[in-house]
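Colleague: I am attaching a structure below and will ask some questions about it afterwards.
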Amino acid sequence: MDDDREALRAHLTARYGVSPELPEKLPGVASLARMANHRTIRSYAARPVDPALVRVLAAVALSAPTKSDLQQADIVIVESPEQRAALAALLPDNPWAAKAPAFAVFCGNNARQRRVHELRGHPFVNDHLDAFFNAAVDAGIVLSAFVTAAEAVGLTTTPISAIRNHPHAVADILALPAHVFPVAGLCIGWPAHGGSISPRLPLETFVHTDRHESSGLDGQIAEYDSRRNLTRPYPARRADDVFGTGQPYTWSEDKARQYGQPERQGWGEFVISRGFKLV
């Protein structure tokens, strides 16, 4: 128990720079320590992942909470080599998409709910942004649950949001019907190495009591930039030809550059083409 507490404290300190105080009695501390030790690993051992195991993990992940019991998440497990190759070709900046032993795409599905209305003869009157939002959140919850389940059996995973860069092509490859849309891909495999804990902004940046508080945000970003560069500096700079070379390269500089260039400009059009109304 003491070893698990110390492991949890160490993992949280590595993540946030400091660990929150741990209650004297902390049930499930071993499980919490494993979750806090989530690591970024994009290299996979040359070992297949049993398709039966992937389906078990999918079943476990789909046991996660779902808004109003609407059950609006789908998992498309991509086993066909041709389909894997077609998806990987869309993701040249994510080479692990082609190399991972297993791959799945997590989708939001509002089509089932609409079919329920047809079957029961009731109008679908809430045809607005919330219909899309609920399905997207359900898919995100299931994705997170799958990652946790995969790590519990020793697998590692890599989510890939870049599939939304080519949503029409992904929808065609996976034969997604109207009101079903991709949220993220997920690489699944046995880890080739131990990986490392990715540092995050200070915990107080995210966790608030009673009222949202962001007055210290600038200092928190500066502290994080410095701390992250000590343990996990960026190996390369993004778009110096656009933004120049004069700035120290930090997390905040990288993220400002990433979203300082056009990306997924057609995503809204795609969502509308799926049949959703976004107002």
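Read the figures in this text as sums done on the coordinates, not as results from a lab. Note that this is a predicted model, so its numbers are computed, not measured. Cβ: placed from backbone, ideal geometry, glycine included. Neighbour counts: every protein chain shown.
Colleague: Under the 0.36 nm per residue contour assumption, what length would be gained going from the current alpha-carbon distance of Arg238 and Ser226 to full extension?
Modeller: On the way: separation 12, 0.36 × 12 = 4.32 nm, distance 1.82 nm.
Taking Arg238 through Ser226 to full extension adds about 2.5 nm, to one decimal.
Colleague: Pop a pseudo-label 7 angstrom from the Cα along the beta-carbon direction at both Val153 and His128 and give the gap in nm to one decimal.
Modeller: Rounded to a tenth, the inter-label distance reads 4.2 nm.
Colleague: Still on this structure, I have one more. For a quick check: sort Asp225, Asp210 by the number of other beta carbons within 10 angstrom, fewest at the front. If you can, show how the numbers build up before the last one.
Modeller: Working: Asp225 17, Asp210 5.
By the 10 Å Cβ count, ascending: Asp210, Asp225.
Colleague: To continue, here is another question. Between Ile160 and residues 5 or more places away or on another chain, which pairs have amide H atoms under 5 Å apart, with H built 1.01 Å from N, and which residues are they?
Modeller: Long-range HN contacts for Ile160: Gly185, Leu186, Cys187.
Colleague: Over the chain, what is the relative contact order in whole percent, taking alpha-carbon pairs under 8 Å and six or more residues apart?
Modeller: Values: 375 pairs, mean separation 66.8, N = 279.
Relative contact order, the chain: 24 percent.
Colleague: How much length, in nm to one decimal, is gained on full extension between His117 and Gln261, taken as 0.36 nm per residue of separation minus their Cα-Cα distance?
Modeller: 47.7 nm
Colleague: Separate question: Tell me, in nm to one decimal, what length is gained between Leu70 and Ala10 on full extension, where the rule is 0.36 nm per residue of separation less the Cα-Cα distance?
Modeller: On the way: separation 60, 0.36 × 60 = 21.60 nm, distance 3.89 nm.
So the chain would gain 17.7 nm between Leu70 and Ala10.
Colleague: Return a whole-number percent for the relative contact order of the stretch 200-279, with Cα pairs under 8 Å and 6 or more residues apart as the contact set. Let's see the in-between values first.
Modeller: Working: 32 pairs, mean separation 19.0, N = 80.
With pairs under 8 Å counted, the relative contact order is 24 percent.
Colleague: Would you kindly calculate the translational diffusion coefficient of the chain, applying Stokes-Einstein with the Kirkwood radius from alpha carbon pairs, for 25 °C and a viscosity of 0.890 mPa s, and quote it in µm² s⁻¹ without decimals?
Modeller: Taking Rh from Cα pairs, D becomes 116 µm²/s.
Colleague: Once you keep just the Cα pairs under 8 angstrom separated by 6 or more residues, what percentage relative contact order results for the stretch 1-69? Show your work: numbers first, answer last.
Modeller: On the way: 28 pairs, mean separation 20.8, N = 69.
Across the stretch 1-69, relative contact order equals 30 percent.
Colleague: How many Å³ per residue does the convex hull of the Cα positions in the stretch 1-53 occupy?
Modeller: For the stretch 1-53, the hull spanned by Cα atoms encloses 116 Å³ per residue.
Colleague: With each pseudo-label sitting 7 Å past Cα toward Cβ, what's the Arg55-Leu26 distance in nm, one decimal?
Modeller: 3.9
Colleague: Considering only the other residues whose Cβ falls under 11 Å of the Cβ of Phe106, what net charge follows from Lys and Arg at +1 and Asp and Glu at -1?
Modeller: Details: positive: none; negative: Asp74, Asp138.
For residues surrounding Phe106, the net value is -2.
Colleague: Next up: Which one, His208, Pro92, Thr148, projects farthest toward the positive side of the charge dipole computed for the chain from Cβ point charges (K/R +1, D/E -1)?
Modeller: Sorting the options by dipole projection puts first Pro92.
Colleague: Near Gly246, within a Cβ-to-Cβ distance under 14 Å, what is the net charge of the other residues, with Lys and Arg +1 and Asp and Glu -1? Could the numbers behind the result be given before it?
Modeller: Working: positive: Arg237, Arg257; negative: Asp240, Asp241, Glu253.
That works out to -1.
Colleague: Here's a follow-up. Can you tell me the dipole magnitude for the chain around its Cα centre, using point charges on the Cβ only (Lys, Arg +1; Asp, Glu -1), in Debye to the nearest 20? The partial results should precede the final answer.
Modeller: Values: 29 positive and 30 negative charges, 93 e Å.
So the magnitude is around 440 debye.
Colleague: Just how large is the dipole of the stretch 171-227 about the Cα centre, in debye to the nearest 20, putting +1 at every Lys and Arg Cβ and -1 at every Asp and Glu Cβ?
Modeller: Working: 3 positive and 7 negative charges, 46 e Å.
Dipole about the Cα centre, nearest 20: 220 debye.
Colleague: Another question, if that's okay. Can you list, bin by bin at 10 Å, the percent of alpha carbon pairs in the stretch 1-126, starting at 0?
Modeller: 10, 24, 25, 26, 12, 2
Colleague: For the stretch 179-279, run through the GluC sites (Glu not before Pro) and keep only the ones in DSSP coil with at most 14 other Cβ atoms within 10 Å of their Cβ. It would help to have the intermediate numbers written out before the result.
Modeller: Values: sites: Glu204, Glu213, Glu223, Glu253, Glu263, Glu269; in loops: Glu213, Glu263.
Passing sites in the stretch 179-279 are Glu213, Glu263.
Colleague: Still on this structure: Express in % the proportion of alpha carbon pairs of the stretch 107-237 at distances exceeding 20 Å.
Modeller: 67
Colleague: For the charge dipole of the stretch 207-264, defined by +1 on Lys and Arg C-beta atoms and -1 on Asp and Glu C-beta atoms about the Cα centroid, which residue among Pro248, Tyr234, Ile221 has the Cα displaced farthest towards the positive pole?
Modeller: Tyr234
Colleague: Next up: So, by mean Cβ neighbours within 10 angstrom, what's the order for 234-247, 20-33, 44-57 with the highest one leading?
Modeller: Working: 234-247: 10.4, 20-33: 12.3, 44-57: 14.2.
Going from most to least packed, we get 44-57, 20-33, 234-247.
Colleague: What is the magnitude of the charge dipole of the stretch 1-66 about its Cα centre, with +1 placed on the Cβ of each Lys and Arg, -1 on the Cβ of each Asp and Glu, and no other charges, expressed in debye to the nearest 20?
Modeller: With Lys and Arg at +1 and Asp and Glu at -1, about 380 debye.
Colleague: With labels modelled as points extended 7 Å from the Cα through the Cβ direction, what inter-label distance (nm, one decimal) is found for Thr209 paired with Val18?
Modeller: Between Thr209 and Val18, the simple spin-label model gives 1.4 nm.
Colleague: For a footprinting-style exposure proxy, rank Ile272, Ile41, Ile173 by other Cβ within 10 Å, fewest first. If you can, show how the numbers build up before the last one.
Modeller: Numbers: Ile272 12, Ile41 20, Ile173 23.
With the sparsest Cβ surroundings first, the list reads Ile272, Ile41, Ile173.
Colleague: Sort largest first and round to whole Å: the equivalent ellipsoid semi-axes of the stretch 90-140, each the square root of five times a Cα gyration tensor eigenvalue.
Modeller: On the way: eigenvalues 227, 30, 12 Å².
That gives 34, 12, 8 Å for the three semi-axes.
Colleague: What number, in nm² with one decimal, is the all-direction average of the projected area of the convex hull of the alpha-carbon atoms of the stretch 173-262?
Modeller: Details: hull surface 43.6 nm².
Here the figure is 10.9 nm², rounded to one decimal.
Colleague: Let me ask something additional. May I ask for the distance between the Cα centers of the stretch 203-279 and the stretch 129-162, given as a whole number of Å?
Modeller: Going from one Cα centre to the other spans 21 Å.
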